[in-house]
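Taking it in order: structure first as structure tokens, then the write-up.
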Amino acid sequence: GVASAVMVALGYPGEIQDNLAVRWGWWALAMIPFFYVVYSLLSGLGEATARQPESVVGLVSAARYLTAVSWLTYPFVYIIKNIGLAGPVATMYEQIGYSVADVVAKAVFGVLIWAIASEKSRLESEGKIYGAYANPTAQKKRGLFGN
């Protein structure tokens, strides 16, 4: 959401700089919302994960951690030009780094989302959950929370 947009807005000015001190400054500023986003992924979504049906908790957790790990690659790719590489070689390494991070963040994440949706659809068709698992009170009455 907003923190991600702020992170990009703070990182971009440094991305187009040749002055290393300026690049490091923008990188440091962009890391503030970056850490908030990663923190939210790891801790803030724990409660939502715990509310999932037992058979998808592992998949949801895997998606959450995969997203956090893939996000952790971006700051390292960003600093490629800060460690003495320049010109086409630096651009090539940046593109490779961002491409690998994007494949992990999007393609693999997409497969996990498909698996989660597939399992929830199966549970719904078997009458074990209602809709998008949106009514925990009704689920509790049916005994899905161990009651």
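The values are calculated or read from the model by the stated rules, or taken from the named source; none is laboratory data. All values derive from a computational prediction rather than experimental measurement. Note that each Cβ is placed from the backbone with ideal geometry, even for glycine, and that neighbours are counted across all protein chains shown. SASA here: full protein model, heavy atoms, side chains in, ligands and nucleic acids out. Shrake-Rupley method; radii C 1.70, N 1.55, O 1.52, S 1.80 Å.
Would segment 15-22 turn up any residue that is open to solvent by 40 Å² or more (accessible area, probe 1.4 Å), over 24 Å from residue 99 (Cα atoms) and either touching an Asp or Glu at 6+ places or on another chain (Cβ under 8 Å) or part of a helix (DSSP H, G or I) (or both)? Yes, segment 15-22 contains at least one residue that is open to solvent by 40 Å² or more (accessible area, probe 1.4 Å), over 24 Å from residue 99 (Cα atoms) and either touching an Asp or Glu at 6+ places or on another chain (Cβ under 8 Å) or part of a helix (DSSP H, G or I) (or both). For segment 26-52, the candidate set comprises residues that are at pLDDT below 95 and small (Gly, Ala, Ser); within that set, the residue that is nearest to residue 79 (Cα to Cα) is 40.
Of all the listed residues (77, 56), the sole one being touching a helix residue (DSSP H, G or I) at 6+ places or on another chain (Cβ under 6 Å), open to solvent by less than 40 Å² (accessible area, probe 1.4 Å) and touching a residue at least 60 places away in the same chain (Cβ under 8 Å) is 56.
Given the structure, is residue 61 among the polar types (S, T, N, Q) and surrounded by 15 or more Cβ atoms within 10 Å (Cβ to Cβ)? Yes, satisfied.
Taken over segment 80-101, the criterion of being exposed (fewer than 15 other Cβ atoms within 10 Å of the Cβ) and under 20 Å from residue 36 (Cα atoms) is satisfied by no residue.
Being within 16 Å of the chain's Cα centre (by Cα) and surrounded by fewer than 16 Cβ atoms within 10 Å (Cβ to Cβ) is true of residue 46. Residues in segment 102-141 that are farther than 16 Å from residue 56 by Cβ, charged (D, E, K, R) and either surrounded by 13 or more Cβ atoms within 10 Å (Cβ to Cβ) or at pLDDT 90 or above (or both): 102 alone. Return a yes/no flag: does segment 63-85 have any residue that is among the small types (Gly, Ala, Ser) and over 27 Å from residue 118 (Cβ atoms). Scanning segment 63-85 turns up at least one residue that is among the small types (Gly, Ala, Ser) and over 27 Å from residue 118 (Cβ atoms). Screening segment 1-14 for residues that are hydrophobic (A, V, I, L, M, F, W, C) and open to solvent by 80 Å² or more (accessible area, probe 1.4 Å) and picking the one that is nearest to residue 40 (Cα to Cα) gives 2.
When residue 38 is tested against (1) without any contact (Cβ under 8 Å) to a residue 40 or more places away in the chain; (2) open to solvent by 50 Å² or more (accessible area, probe 1.4 Å); (3) assigned to a helix (DSSP H, G or I), only condition (2) is not met.
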